[in-house]
1. Going through region 140-232, which trypsin sites (Lys or Arg not before Pro) have at most 16 other Cβ atoms within 10 Å and a DSSP loop state?
2. How large, in Å, is region 121-165 by the Kirkwood hydrodynamic radius built from its alpha-carbon pairs?
3. Taking N as the number of residues in region 165-301, what is its Cα Rg relative to 2.2 N^0.38 Å?
4. With every protein chain in place, what's the accessible area of Ile83 (1.4 Å probe, Å², nearest 10)?
5. For region 1-73, with the dipole built from +1 on Lys and Arg beta-carbon atoms and -1 on Asp and Glu ones, taken about the Cα centre, which of Gly7, Val41, Ile23 lies farthest toward the positive end?
6. When the Cα centres of region 253-305 and region 100-116 are compared, how far apart do they sit, in Å?
7. What are the semi-axes of the equivalent ellipsoid for region 192-268, taken as the square roots of 5 times the Cα gyration tensor eigenvalues, largest first, in whole Å?
8. Relative to the Cα centre, what is the charge dipole magnitude of region 3-300, using +1 at the beta carbon of each Lys and Arg, -1 at the beta carbon of each Asp and Glu, and rounding to the nearest 20 debye?
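The values are calculated or read from the model by the stated rules, or taken from the named source; none is laboratory data. Just so it is clear, the structure is predicted and the values come from calculations on it, not from any experiment. Here the Cβ positions follow ideal geometry from the backbone for every residue, glycine too, while neighbour counts run over all protein chains shown. Side chains are part of the model used for accessible areas, which takes the heavy atoms of the whole protein and leaves out ligands, DNA and RNA. Shrake-Rupley method; radii C 1.70, N 1.55, O 1.52, S 1.80 Å.
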Amino acid sequence: MRTIKLGSSALDVPVVAVGCMRINSLDSKDAEHFVRSAMEVGANFFDHADIYGTGTCEEIFADAVQMNPQVRENLILQSKCGIRKGMFDFSKEHILNSVDGILQRLRTEYLDVLLLHRPDALVEPEEVAEAFDQLEREGKVRHFGVSNQNPNQIALLKKYVKQPLVANQLQMSITNTTMIDSGINVNMENDAAVNRDGSILDYCRLHDITIQPWSPFQYGFFEGVFLGNEKFPELNAKIDEIASKYDVSNTTIAIAWLLRHPAKMQPVTGTMNIERLQDCVKASEVHLTRPEWYEIYRAAGNVLP
């Protein structure tokens, strides 16, 4: 699979990441088959979080891949921390404890990437900086990033954190395009012109932060998938038309649409179906034309000014 540099780092990563939030829906045999099949097609970047399955997803993954030092060399592991029951917590103590738990469950000595999950309103960036310094010094985390954060939240962290923030995981799909909409509708009075995220798309491009779109097939907030959904007839007709042209599935086109953006995003899949994951991986070989990209964008209900 085609690779990109993750943010400003020297780390080469596949353009499609494998999200492991639902791996606990598989039995041990199917989980092993899924992980190994993913690696066979070059999808060796696995995204975790300490809250997925309250930690069981990381344990299931480690069992599925039969984690050992030799296997670990062929994996790129990312996890997230900061969400606790009823609150968010970016305190130094919680970050350090969370990483220790993640490493224990994944049976590894280090994470390639750690993301701070969901902004903590009570964040003290000095504490985050202390935690990151200790994790880097102890060799437990090699790269750092954030999730669901806007430009000023990132800038506040960057004032104290010396490590580059290489990724920002944000919700985005063909039907969730607010970060694109406001840029197209500058100086307009329509709803699409409302800047809901502080121009995070441009900010990440300016500061070499890789955007990792999560839920690339969902509409709304986990309301369902748009592919094959009767609520989106025009969109599905257009996606199917373009998929037929390239002789690929509609899944491939949905990911290719994200990859076509010059921000060099890294979509995070959520499927536990290896055939669908393989279709996602094929998107790295499909380069949509500018007219095709805009046709899909408009078919999703977006009106150009």
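1. Here the sparse-neighbourhood loop sites are Lys162, Arg196, Lys231.
2. 10.9 Å
3. Relative to the 2.2 N^0.38 Å estimate, region 165-301 comes out at 1.02.
4. Rounded to the nearest 10, the figure is 40 Å².
5. So the residue we want is Gly7.
6. So the two Cα centres are separated by 30 Å.
7. Gyration-tensor ellipsoid for region 192-268: 25, 16, 11 Å.
8. Dipole magnitude for region 3-300 comes out near 320 debye.
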